Amino acid sequence: QVQLVESGGGLVQAGGSLRLSCVASGRTFSSYVMGWFRQAPGKEREFVAAIPWIGSSTFYKDSVKGRFTISRDNAKNTVYLQMNGLKPDDTAVYYCAAKRTNAAITSPVYDYWGQGTQVTVSS
């Protein structure tokens, strides 16, 4: 059974930082792409960042470039999202996801999803 478990969300003031973690288990993810998405109330789920388990490529939503960093620790089967310079517009539930292919990685059509972790940024 594939499981993606996020943690690290919380309440932070604007300008602050949080680091989200996603622990993956249940299979080998070496050929997968791992993504972070977010969904604010009343809005569609949107792409934030992605990284393949193998290789150095990273991908970001334009509005988070320079503030967010996605990384992984293969030994721990964990993907991270370091979020700096947080803004109230970053408030959302953040989801970790896994995708078998590297096609359309910015689209929320992934094979596995975590349960989400709430990030709230106060002004």
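The values are calculated or read from the model by the stated rules, or taken from the named source; none is laboratory data. Quantities reported herein were computed from a predicted structural model and do not represent experimental measurements. Every residue, glycine as well, gets a Cβ built from its backbone with ideal geometry; the counts of neighbours run over all protein chains shown. Quick note on the areas: whole protein, heavy atoms, side chains included, nothing else; ligands and nucleic acids left out. Shrake-Rupley method; radii C 1.70, N 1.55, O 1.52, S 1.80 Å.
Of note:
- Pick from region 26-66, criterion without any contact (Cβ under 8 Å) to a residue 40 or more places away in the chain and of a type in the set (Val, Ile, Thr), ranking: surrounded by the fewest Cβ atoms within 10 Å (Cβ to Cβ): THR28
- Residue selected from region 79-123 under the condition basic (Lys, Arg) and touching a Phe, Trp or Tyr at 6+ places or on another chain (Cβ under 8 Å), by the criterion farthest from ARG38 (Cα to Cα): ARG100
- Matching residues, region 65-87, being more than 16 Å from VAL48 (Cβ to Cβ) and either at pLDDT 95 or above or assigned to a strand (DSSP E or B) (or both): ASP73, THR78
- Contact map, region 2-17: first residue within 26 Å of PHE29 (Cβ to Cβ) and open to solvent by less than 60 Å² (accessible area, probe 1.4 Å), second residue in a loop (DSSP other than H, G, I, E, B) and at pLDDT below 95, Cβ cut-off under 6 Å, separation 6 or more or different chains; pairs are VAL2/GLY26; VAL2/ARG27.
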